[in-house]
Amino acid sequence: MTQELTSPSPAPQAPGTGRGPGWWRDAVIYQVYLRSFADSDGDGIGDLRGARERLPYLKDLGVDAVWLTPFYASPQADGGYDVADYRAVDPLFGTLQDADELIRAAHDLGLRVIVDIVPNHTSDRHPWFQDPELARQRYLFRPGKGESGELPPNDWESVFGGPAWTRTDRGDWYLHLFAPEQPDLNWDNPEVHAEFEAIMRFWLDLGVDGFRVDVAHGMIKAPGLPDIGHGAQAQLIGAQVLPFFDQDGVHAIHRAWRRLLDGYGDARGKQVIGVAEAWAPSAERLALYVRPDELHQAFNFQFLNAPWQSDALRSVIDASLAATASVGAPTTWVLSNHDVVRHTTRLGGSLARARAATLLMLALPGSAYLYQGEELGLPEVTDLPDEVRQDPAFFRGGRATGAVGPGTDTESAPDGAAAGGQDGFRDGCRVPLPWSGELPPYGFGPGGSWLPQPADWGGLTVAAQTGDPASTLELYRAALELRRRLPGLGDGPMSWAPAPDGVLALTRPGLLCTVNTLGHDVGLPAPGTPLLSSAPVTVDDATAQLPGDSCTWWAI
Ligand code: NOJ
């Protein structure tokens, strides 16, 4: 008998949910990068109404929750991660009422909503920074070095390039680990703590189900702000504890927020969560952020950065699962986001690998985040003209690697692929989504799009892929449907099964997942009945042929 399939055959209905306590432990959460998702008003920039109108698409895709990137009042010096008013919606994206309506509409569809919170820094247009007296208490100002204070207070570099300090008219300097328009807050000041707790309550009262905590490893700086004494700091981010990243003191903040989130949720019979965007040097240090009294999830960037090799993938999966299990937390997998090269391009420019990597990720125990457009197999856009670029790192001579951790620069790209997208900057993964039609803006909105879309995306639109069983969109839909239906997926046990070199085989209750990381077919005894595969798998009598760069789920 020969079987070929890329879409699911009927699977047994799950008798129960099989899920541990906590919706977030195995949730699939879809990142909406708002300005590039869907535009309702024709200004070429995605907005809250556009996103609300597309919620049925996300429901149909099969995700559990949506994470919205910042839509707060902001001069947009860093795509909204420079917040001037944490309680106001930027007119670019709509109104507070639009946010309210989006949250309600999502809940009506059974989707939860997570919003960003940006506590390491504000915009320089924030009223606190605009008031010289307040600013000196609530941000990090220091006198300069040198005879007349003309040198920065220490040798720290901004992750976007250049010194992490800017001198004021008054002659002192303020710290900004990111752009000069993003001054770092002084978390030694209790008023800063109180303000962020109030901001969280504001959005919780509007109904959000959690927060993605930006730079969750950054708020606390080492006492005395000591020099690093190393010329290439970008290489050290995520590789070691730095005086400004992953300081032990950040954990007290996360503990306080966990008390707030638990208290708020308990009083209302719901679970509201925090997810850390934290760059820690090891799986063990990352696990500290998800101890039972800290945040619920932390993005696993070590998995994202793993090369497409079976041994490397297996060891990063083992290390991640062991570290999070040691604190009783699930692992939170991610392959793409708005800061890194899309994984289709990062994994050697191979859609086959990207599809296989996604099926692997969705077979692993824990939660997973998807980045808008990966379900369409979108590649990184690598030929944007300089005049349209907006990533502040581009203008400061930095590299995206400094913003988001190691592994996104061309040097450390897996397989030597040009993983830096466009010179390592981040606009290439932020190009607006193609929804329908043959020409830009492909149904993104009634106007154009803030970044130009490639002329050859007509075949990648949602409309073009819908209903085509070979499409990446239908692969994602099928995988998410199976994940919901099969009790063995999501949270729960996993173990490795024997497999030939270059192949991974992992078992979940009732299911086996094979991943062939080699560029050619591998034959092996058929482990069961194929349920879903990223590429057509054949089973002849008792022998399965796994296509190169493929992942298959088998019912066992
Ligand atoms: C991480 C965000 O994802 C990124 O886009 C931003 O530039 C930095 N944090 C600074 O807020």
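Couple of notes before you dig in:
- Selection status of ALA164, within 23 Å of ASP78 (Cβ to Cβ) and surrounded by fewer than 22 Cβ atoms within 10 Å (Cβ to Cβ): no
- Count - residues of segment 215-231 that are at pLDDT 95 or above and either within 16 Å of the ligand (Cβ to nearest atom) or within 29 Å of the chain's Cα centre (by Cα) (or both): 8
- Within segment 252-286, tally of residues that are over 25 Å from ILE237 (Cα atoms) and open to solvent by 30 Å² or more (accessible area, probe 1.4 Å): 10
- Taken together, LEU109, LEU151 contain a single residue that is open to solvent by 30 Å² or more (accessible area, probe 1.4 Å), modelled with pLDDT of 95 or more, closer than 29 Å to ALA234 by Cβ and of a type in the set (A, V, I, L, M, F, W, C), which is LEU151.
- Note on segment 237-248: residues that are among the aliphatic types (A, V, I, L, M) and open to solvent by less than 20 Å² (accessible area, probe 1.4 Å) amount to 2.
- Of the residues making up segment 155-190, those that are more than 31 Å from the chain's Cα centre (by Cα) and part of a loop (DSSP other than H, G, I, E, B) number 5.
- Segment 85-97, subset over 23 Å from the mean Cα position of the chain (by Cα) and assigned to a loop (DSSP other than H, G, I, E, B), residue farthest from the ligand (Cβ to nearest atom): THR95
- Pairs with Cβ under 9 Å, 6+ apart, first in segment 345-363 and within 24 Å of ARG483 (Cα to Cα), second of a type in the set (Lys, Arg) and outside any helix (DSSP H, G or I): ALA354/ARG342; ALA363/ARG508
- For segment 250-265, the condition holds for no residue, the condition being that it is in a loop (DSSP other than H, G, I, E, B) and either in contact (Cβ under 8 Å) with a residue 40 or more places away in the chain or away from the ligand (no atom under 16 Å from the Cβ) (or both).
- Identity of the residue in segment 151-194, of a type in the set (Asp, Glu) and free of Cβ contacts under 8 Å to residues at least 24 places away in the same chain, that ends up farthest from the ligand (Cβ to nearest atom): ASP169
The values are calculated or read from the model by the stated rules, or taken from the named source; none is laboratory data. As the structure is a prediction and not an experimental result, all values here were calculated from the model. We place every Cβ from the backbone using ideal geometry, glycine too, and count neighbours over all the protein chains shown. For the accessible areas, the whole protein counts, side chains as well, though only heavy atoms, and no ligand, DNA or RNA atoms are used. Shrake-Rupley method; radii C 1.70, N 1.55, O 1.52, S 1.80 Å.
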